[in-house]
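To keep things clear, I will list the structure first and then write my remarks on it.
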Amino acid sequence: MTKRKLLICVVVIFAIFGRLWLTDKAWHVDMWSNAGWGEWIYDYGPAKFYDNSYWTYAWPTQPPVINSIYAFNKRLHIELLGRLAWTDFQLNKILPGDKTPWLTDFVYWFGYGRVNLEIPFQIGFLVTMKLIPVAADLAIAWLVWLITKKTYLAVVFLLSPFSWYVSALWGQYDGVGFALVLGGVYLLYKHKLIMLSPGLILLGILIKPTALILAPFVGYYYLRQTPAKLVVKVLGVVLAGVLFWTTTAPYTHKNPFEFAWYDLKRIVFEKAEPRVTTNAFNLWRIVTGNKPTNHWNKFLGIPAVVWGLLAYGAIHVLAIWRIETNRKDRWRMWEGLFVISAGSFMFMTGMLDRYLYAGMLFGLILVATQFRLLKWWLVWSVIFWLNLYNQWWIPASFEPLKQFMLVYDSIVTRILSGFSVIILVKLLNFKNGSIKTLKKNN
């Protein structure tokens, strides 16, 4: 094994075990709701999940697929606990004396430990809920390498603070959703197994609906740019529809498509007052600061939400124009995905801090053709992590940073948002960025 391969193995091992070590070091309040939903479905089944009117922490606000994953986590925790307890029992019979007290203690902690007396969930269950996001980080790193053939970019992602912060500390499933989306668009990029692409992308959306912002562009690319026959494309859409039906039907007695339009849309998207921005370091943060502002408030005589939609339309025109001017250059699909994901976060209203996740992924892929852009991406990834840290304030050991950001919130967050806008413009410099350049660099 060469030194380079050995170093890569060390980084991957560090990324895995480092994340596993972090899984019980912090708990976001979102996890109580997610665990409660998963436990309810595991105990009572999905049929009346959305009809239940009593919840300890929060009413369901997420689609059926991700709630099914939460329920799977409960089953997985029970399965792991049973196997660990059996192993501990067998070892205690075989080995004399106190040879395995560490395993006995771990089984007790995993099965019966609590965060505190007020939280009814076992620590082991909460840790188990973070295992799939951690695995998704590894899947994303592998896909980044598969797309770019640049090992250092996969390593950069694994070591980026925002990646372990979202998965191992926060326990959010953004990485899971976008790993599936990334896999789906990779099939489009390679022109392989195109029929499976819509289903993978749909699954990603059903885990993290924020991926919907990519749907118009991906739909255009799927129908316009892929070489598959029309019947194959139609079958891909049909398979995605069947997938949606089978994953949604257990949660309702209605037609799943009717349920999605009349009920699920309200449950997922109409859960809070529409704001210009919600703790997102973007253009609107520069304009309004941290002051809660309704997105119907007017700026230069036009409601903020309309400005956002106009920007969303404009960045689609830019992304599609880039492709239509050179349809043979498949790399421009990644450019378009970056423009839309990062541009939507920067200019649309209603953005939360985590919604930049997709933009960071596609931006990292763009770096493959222009290494000089890596420094800008690294700075932006730190700003993204600061955005995630802002208002959650974990880890607690960063108290000086917290106090600094609190005291100078209006100034610091505006400056960081301004840097984000500048870096976006820098990354939008596509000069020499093409599939030919990528092949040359490889």
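I want to confirm something. Restricting to segment 193-248 and keeping residues that are surrounded by fewer than 20 Cβ atoms within 10 Å (Cβ to Cβ) and small (Gly, Ala, Ser), which single residue is nearest to Ser68 (Cα to Cα)? Here the residue is Gly241. Considering segment 207-260, the qualifying helices (runs of 4 or more DSSP H), each wholly inside and each with 1 or more residues that are in contact (Cβ under 8 Å) with a residue 12 or more places away in the chain and within 26 Å of Leu318 (Cβ to Cβ), run over 215-224, 230-248.
Collect the residues in segment 274-322 that are touching a residue at least 12 places away in the same chain (Cβ under 8 Å) and among the basic types (Lys, Arg), keeping them in residue-number order. Residues satisfying the conditions are Arg275, Arg285, Arg322. Across segment 61-112, which residue is surrounded by the most Cβ atoms within 10 Å (Cβ to Cβ) among those that are of a type in the set (Ser, Thr, Tyr) and at pLDDT 95 or above? Restricting to residues being of a type in the set (Ser, Thr, Tyr) and at pLDDT 95 or above, the top hit is Tyr70.
Sort out which residues of segment 338-353 are touching a helix residue (DSSP H, G or I) at 6+ places or on another chain (Cβ under 7 Å), closer than 22 Å to Tyr165 by Cα and either surrounded by fewer than 22 Cβ atoms within 10 Å (Cβ to Cβ) or among the aliphatic types (A, V, I, L, M) (or both), and write them in order of number. Those that are touching a helix residue (DSSP H, G or I) at 6+ places or on another chain (Cβ under 7 Å), closer than 22 Å to Tyr165 by Cα and either surrounded by fewer than 22 Cβ atoms within 10 Å (Cβ to Cβ) or among the aliphatic types (A, V, I, L, M) (or both): Ala342, Met346, Met351.
Looking across segment 391-412, the residues that are closer than 17 Å to Pro161 by Cα and touching a residue at least 24 places away in the same chain (Cβ under 8 Å) come down to Gln391, Trp392, Ile394, Pro395. Remark: Leu366 falls outside the filter, which requires a residue to be over 30 Å from Gly183 (Cβ atoms), modelled with pLDDT under 95 and within 23 Å of the chain's Cα centre (by Cα).
On inspection, Tyr357 passes the criterion of being aromatic (Phe, Trp, Tyr) and buried (at least 23 other Cβ atoms within 10 Å of the Cβ).
Has segment 53-60 got at least one residue that is of a type in the set (Val, Ile, Thr) and at pLDDT 90 or above? There is no residue in segment 53-60 that is of a type in the set (Val, Ile, Thr) and at pLDDT 90 or above.
Against the numbered list (1) touching a Ser or Thr at 6+ places or on another chain (Cβ under 9 Å); (2) farther than 28 Å from Leu187 by Cα; (3) modelled with pLDDT under 95, Ala260 comes up short only at (2). When Trp27 is tested against (1) touching a helix residue (DSSP H, G or I) at 6+ places or on another chain (Cβ under 6 Å); (2) over 30 Å from Leu200 (Cβ atoms), just one condition goes unmet, and that condition is (1). Scanning segment 47-106 for residues that are part of a helix (DSSP H, G or I), among the polar types (S, T, N, Q) and within 23 Å of the chain's Cα centre (by Cα) turns up Asn67, Ser68, Asn73. Would you confirm whether any residue within segment 374-392 is surrounded by fewer than 20 Cβ atoms within 10 Å (Cβ to Cβ), modelled with pLDDT under 90 and under 20 Å from the mean Cα position of the chain (by Cα)? Yes - at least one qualifying residue is present in segment 374-392.
Is it fair to say Ala26 is in contact (Cβ under 8 Å) with a residue 60 or more places away in the chain, farther than 26 Å from Ala249 by Cα and in a helix (DSSP H, G or I)? Here the answer is no, as Ala26 does not meet what is asked.
A count restricted to segment 13-52 and to residues that are at pLDDT below 95, among the β-branched types (Val, Ile, Thr) and within 22 Å of Ile267 (Cα to Cα) stands at 1.
Residue check: Glu79 meets all listed conditions (1) closer than 30 Å to Gly199 by Cα; (2) in contact (Cβ under 8 Å) with a residue 40 or more places away in the chain but one, namely (2). Scanning segment 30-60 for residues that are closer than 18 Å to Trp245 by Cβ and surrounded by 14 or more Cβ atoms within 10 Å (Cβ to Cβ) yields a count of 3.
The values are calculated or read from the model by the stated rules, or taken from the named source; none is laboratory data. Computed from a prediction, not measured in an experiment: that's the story for all the values here. All Cβ positions, glycine included, derive from the backbone under ideal geometry; neighbour counts span all protein chains shown.
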